[in-house]
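In what follows, a single structure is set out as structure tokens and then discussed.
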Amino acid sequence: MERLLVIANRLPFSISKRAGEFRFRPAPGGLAMGLSSLPESVKRLWIGWPGTTSERLTAEDKSIIKEKLASENCIPIFLSKKQMEQYYLGFCNKMIWPLFHYFPERTIFEDRFWKTYRQVNQTFCDEVMKIARPGDCLWVHDYQLMLLPQLLREKLPESEIGFFLHIPWPSFELFRLLPWRAELLDGLVGADLIGFHTYDYVRHFLSCLCRITGLEHTLGKVTAGNRVVKVDAFPMGIKYEKYSKAINEPVVKKEVEKILQIVGNRKIIISIDRLDYTKGIIQRLEAFDLFLSQNREYKEKVTLIMVAVPTRTGVEDYKMLRENLEQLVGRVNGEHGAIGYIPVWYLYRFVPFDKLTALYNVADVALVTPLRDGMNLIAKEFVATKTNGRGVLILSEMTGAARELGEALIVNANNKAAIIQAIKEALEMPVLEQIERNRAMQKRLRRYDVSRWSNDFLNALSDIKKTQQELSVRKLSESTRQNLIRDYTKSRKRLFLLDYDGTLVGFKGKPAQARPDEEIMSLLQSLSRSSNNTVVIISGRDKTTLVKWFGTLNVSLVAEHGAWIKQEDADWQSLEASTVNWKDAIRTILELYSDRTPGSSVEAKDFSLVWHYRRADTELAHVREQELRGALLNLTENLDVGVFEGNKILEIRALSINKGRAAEFWLEKENWDFLLAAGDDYTDEEMFAVLPDDAYSIKVGLSISKARYNMDTVNEIRLLLKELAGD
Ligand code: GDG
């Protein structure tokens, strides 16, 4: 990687205009810090919105901003007020944000929001394309830009593109509510690597992807079109040293003294968040109110310092939240306060870093109880700041951070009794226990800090790119293709061994729907017209279907993976008399599973039985498939019968029947001077294995195979055959 292009909704700078002069202040945040640890040799450019809408800027303003930001390696994307309203406040914050945080009742689905979201993602793409160069690595961030990976992929097919989501990915039941769910997923799989904070979000994402687009994964890897996309968890860390050393700063020490002077020796609980309904601030304050009512001995002995940082002030829900919170603060203070004692100190503002770390430092307890939170860095920062090991973190189990901070007092943020109990436990926890818990968490936070996070992500991105390249090396290159065509032209005795489903046609919901289309019929006809060509369709299908579909062509057929062979103009012959007395018993079991798995079905062939589950609910089918396989392996233990897993099928057939034997039958028949075999699944591997070294064997799909070459899609193999057939 020569350059890293970070593309996020906001630039890490805040710009304000005072007395006609622009002020640029770095607003670094975790991400900017994480990236600062990359080696100097990697140039970083940051692309995003500068934080002020274009109507408020003259052409001259824009060029001043551009110039100033360029010196900081930032490139601004100017957006209009209307765009910001519909894309940012609308689509992002009235739709994705509430839905992804499990607040469907707050979610507003509006077509115009979607249109502007698409338009702004396109604008980002256009701006990136003015800068991007081959060899750049592109890292797209967060829910504001979910369409961008695919838009960029279309322009930069070879580039490294990563995407990281900072908020939770919800379960399928919520995600499916989105009218534009498929489009968002398509947008995301344009990336090579898709990262989330926790494995739960990874699971939810993969489940949504499979159920909505049909793309399945193997160990977090998804084959989307001609690329393998990796999906994984990268829990974001903090700049640990910065927080653990903060207390050494004189300004921080001064702030600590100031606070302690006012609070005296009362216990301090802190609550710090952006004022967002997902953070559970109201519920937290209600719990504190109840705590004071139920534990009279703590009256005047504990102060809650509540910092609510203004955010999304243009959204109605946020205005209401502020009103409700301020009313509640008033009520709690009125009820539990006394002269000289204010139970809740409420601050509605952004606090500078030294004040923030002073607050972390003086706090006996941090109450971090979001109803849902992607990660929550406040919790991590609080723990890192506690250099003397004292202090207790109460943490909601609905945060990503709870996965890593198991030594905190973990609570269900909806359970007020649990929060009250945790506050009491925290205030009374022996110092040694506090130290023990904090040290364990600190060790982890120091090790997996924010630079580790960004490095891990970028390394995983380059690894998946390497995997893609390794697979693409096996792809039939243009020069091999030319050789193949030349060999074909020179030869006189040519054999084609062609699998059907997944090789010549794509998969359909029901096996019967995958009938050959006109194009493939005319292609096979042209190919078999030449007397030099012997074309064999070598399939797992039954005899009747193959004859119905291809009986009119000059092709030979192999049915049921080699159980039956039909040479052109001859009758079906069986390669080997195979016993089928196991079929009835096994069929009863398959039917039982089929009844218990809606959408699945049983297909009976002469020498095999197949359980199809392509149309069944994916997760249910997965469980059933495991169960069924276990049951069948037991039952078939002493028989010459194997249980084979195919593409959404489980097949039970005699071990002696396989495509390898059928292929050998054809290989022995003539002295072929050109051989082409193509297939897509495990049954074709047996065919590839018996071919001579100089045969052209092609696996359709991007995975390891015994075939010499890979091709991405059915369409590509069709194009190749078309060219050979001279169509
Ligand atoms: C999103 C996800 C995920 C906050 N107020 C002040 C202040 N901050 C700083 C904190 C912390 C950051 O902002 C807040 O991060 P959080 O993680 O707590 O929450 P979100 O803003 O909702 O962030 C979240 C995060 O992205 C990262 O992926 O963890 O789940 O929602 O660093 O210190 N800093 C200062 N004054 C403040 O008043 N100086």
Going by the conditions given, is Phe91 buried (at least 22 other Cβ atoms within 10 Å of the Cβ), within 13 Å of Asn9 (Cβ to Cβ) and touching a strand residue (DSSP E or B) at 6+ places or on another chain (Cβ under 7 Å)?
no
Report those helices (runs of 4 or more DSSP H) wholly inside region 123-230 carrying at least 3 residues which are at pLDDT below 95 and open to solvent by 40 Å² or more (accessible area, probe 1.4 Å).
199-213
Based on this model, can you work out whether Ala616 counts as free of Cβ contacts under 8 Å to residues at least 60 places away in the same chain and touching a Gly at 6+ places or on another chain (Cβ under 7 Å)?
yes
Given the condition open to solvent by 40 Å² or more (accessible area, probe 1.4 Å) and under 21 Å from Pro235 (Cα atoms), answer yes or no: does some residue in region 36-52 qualify?
yes
Restricting to region 434-458, and then to whatever is of a type outside the set (A, V, I, L, M, F, W, C) and within 17 Å of the chain's Cα centre (by Cα), can you tell me which residue is least open to solvent (accessible area, probe 1.4 Å)?
Ser454
Cβ-Cβ under 6 Å pairs, at least 6 apart or on other chains, region 336-351 side open to solvent by 50 Å² or more (accessible area, probe 1.4 Å), far side more than 16 Å from the ligand (Cβ to nearest atom) and not in a strand (DSSP E or B)
Ile342/Asn333; Tyr346/Val329
If Met687 meets every condition in (1) in contact with a Ser or Thr (Cβ under 9 Å, 6 or more places away or on another chain); (2) surrounded by fewer than 19 Cβ atoms within 10 Å (Cβ to Cβ) apart from one, which number is that one?
(2)
Do the conditions hold for Gln434, that is, is it assigned to a helix (DSSP H, G or I) and over 30 Å from Lys267 (Cβ atoms)?
no
Among helices (runs of 4 or more DSSP H) lying entirely in region 543-661, which contain 1 or more residues that are surrounded by fewer than 19 Cβ atoms within 10 Å (Cβ to Cβ), modelled with pLDDT of 90 or more and not hydrophobic (A, V, I, L, M, F, W, C)?
543-550, 583-596
Checked region 702-715 for anything open to solvent by 30 Å² or more (accessible area, probe 1.4 Å) and either part of a loop (DSSP other than H, G, I, E, B) or without any contact (Cβ under 8 Å) to a residue 24 or more places away in the chain (or both); matches are Ser703, Ile704, Lys706, Arg708, Thr713, Asn715
For region 300-327, give me the residue count where each residue is surrounded by fewer than 18 Cβ atoms within 10 Å (Cβ to Cβ) and either over 30 Å from Thr52 (Cβ atoms) or within 12 Å of the ligand (Cβ to nearest atom) (or both).
6
When you scan region 56-97, how many residues do you find that are under 20 Å from Tyr117 (Cβ atoms), part of a helix (DSSP H, G or I) and not aromatic (Phe, Trp, Tyr)?
13
Index of the failed condition, Tyr243 passing every other in (1) more than 26 Å from the chain's Cα centre (by Cα); (2) at negative phi; (3) away from the ligand (no atom under 11 Å from the Cβ); (4) not hydrophobic (A, V, I, L, M, F, W, C)
(3)
Flagged pairs (Cβ under 7 angstrom, 6 or more apart or on separate chains; first in region 232-252, more than 30 Å from Ala460 (Cβ to Cβ); second of a type outside the set (A, V, I, L, M, F, W, C) and assigned to a loop (DSSP other than H, G, I, E, B)) are Ile247/Thr387
Quick one: what pairs do we get from region 256-268, first residue open to solvent by 40 Å² or more (accessible area, probe 1.4 Å), second acidic (Asp, Glu), C-beta under 6 Å, 6+ apart or different chains?
Lys267/Asp364
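The values are calculated or read from the model by the stated rules, or taken from the named source; none is laboratory data. Small disclaimer: the values here were computed from a predicted structure and weren't measured. Cβ atoms come from the backbone with ideal geometry, glycine included; neighbour counts cover every protein chain shown. Just so you know, the surface numbers come from the protein's heavy atoms only, side chains and all, with ligands and any DNA or RNA stripped out. Shrake-Rupley method; radii C 1.70, N 1.55, O 1.52, S 1.80 Å.
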